[in-house]
Amino acid sequence: DRQHDELLAGIKLPQPPQRSRDIYIKVGRRSATEVAIVGLAARVALGEDEKRVEDVRLAVCSVSPMPKRLYEIERVINGQEISDSLLDEAGDMLLKHIEPIDDVRASKKYRSMVAPRILKQAISSCIQNVPG
């Protein structure tokens, strides 16, 4: 616990799993300082066989009132070999867990179209780039 007159000097984060990769995909109109139209963060860790997903963590932003961790989709993917049909299922599930809006940056329809695509892209990219 920190007192009101104390300063936080550091944060220790656990080492990521050995056979894992992280990615953040941001869909936006301009630079890194622009708010995302849709954003998705993923960590995928493969098991020793380098085929089955040992642990996946997923979160989305700009498609709901608050950033959202996708626990239900994680449970479906964990322990599975990634296939096109599993990625399609995950994309369909994502649409049930988001609440996109229309605003000056993008339409609800556009966000709903993009979110499943970047989910699939993020997971595929992580798996292709996991160190062996």
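Pick from region 6-40 the residues that are over 17 Å from SER107 (Cα atoms) and β-branched (Val, Ile, Thr): which of them is farthest from the chain's Cα centre (by Cα)?
ILE11
For residues that are surrounded by 11 or more Cβ atoms within 10 Å (Cβ to Cβ), of a type outside the set (Asp, Glu) and farther than 25 Å from GLU48 by Cβ, tally how many sit in region 78-110.
Within region 78-110, residues that are surrounded by 11 or more Cβ atoms within 10 Å (Cβ to Cβ), of a type outside the set (Asp, Glu) and farther than 25 Å from GLU48 by Cβ number 13.
Does at least one position in region 62-77 carry a residue that is closer than 21 Å to GLN18 by Cα, modelled with pLDDT of 95 or more and exposed (fewer than 14 other Cβ atoms within 10 Å of the Cβ)? Lay out the reasoning, then the answer.
The initial filter retains those residues of region 62-77 that are closer than 21 Å to GLN18 by Cα, namely 74-75, 77.
Now narrow it down to the ones that are modelled with pLDDT of 95 or more: 74-75, 77.
Narrowing the set further to residues that are exposed (fewer than 14 other Cβ atoms within 10 Å of the Cβ) leaves 75.
Checking region 62-77: at least one residue is closer than 21 Å to GLN18 by Cα, modelled with pLDDT of 95 or more and exposed (fewer than 14 other Cβ atoms within 10 Å of the Cβ).
How many residues, within region 93-110, are under 15 Å from the mean Cα position of the chain (by Cα) and assigned to a helix (DSSP H, G or I)?
Keep residues of region 93-110 that are under 15 Å from the mean Cα position of the chain (by Cα), which gives 93-95, 97-98.
Filter once more, keeping what is assigned to a helix (DSSP H, G or I): 93-95, 97.
So the answer is 4.
Say whether the condition of being surrounded by 15 or more Cβ atoms within 10 Å (Cβ to Cβ), in a loop (DSSP other than H, G, I, E, B) and in contact with a Pro (Cβ under 9 Å, 6 or more places away or on another chain) is met by at least one residue in region 26-49.
No, that holds for no residue.
Evaluate the following for SER31: is it at pLDDT below 95, in contact with a helix residue (DSSP H, G or I) (Cβ under 9 Å, 6 or more places away or on another chain), polar (S, T, N, Q) and closer than 30 Å to GLN15 by Cα?
no
The values are calculated or read from the model by the stated rules, or taken from the named source; none is laboratory data. Bear in mind that the values here come from a model prediction, so they are computed numbers and not experimental data. In this analysis, Cβ positions are derived from the backbone assuming ideal geometry, glycine residues included, and neighbour counts consider all displayed protein chains.
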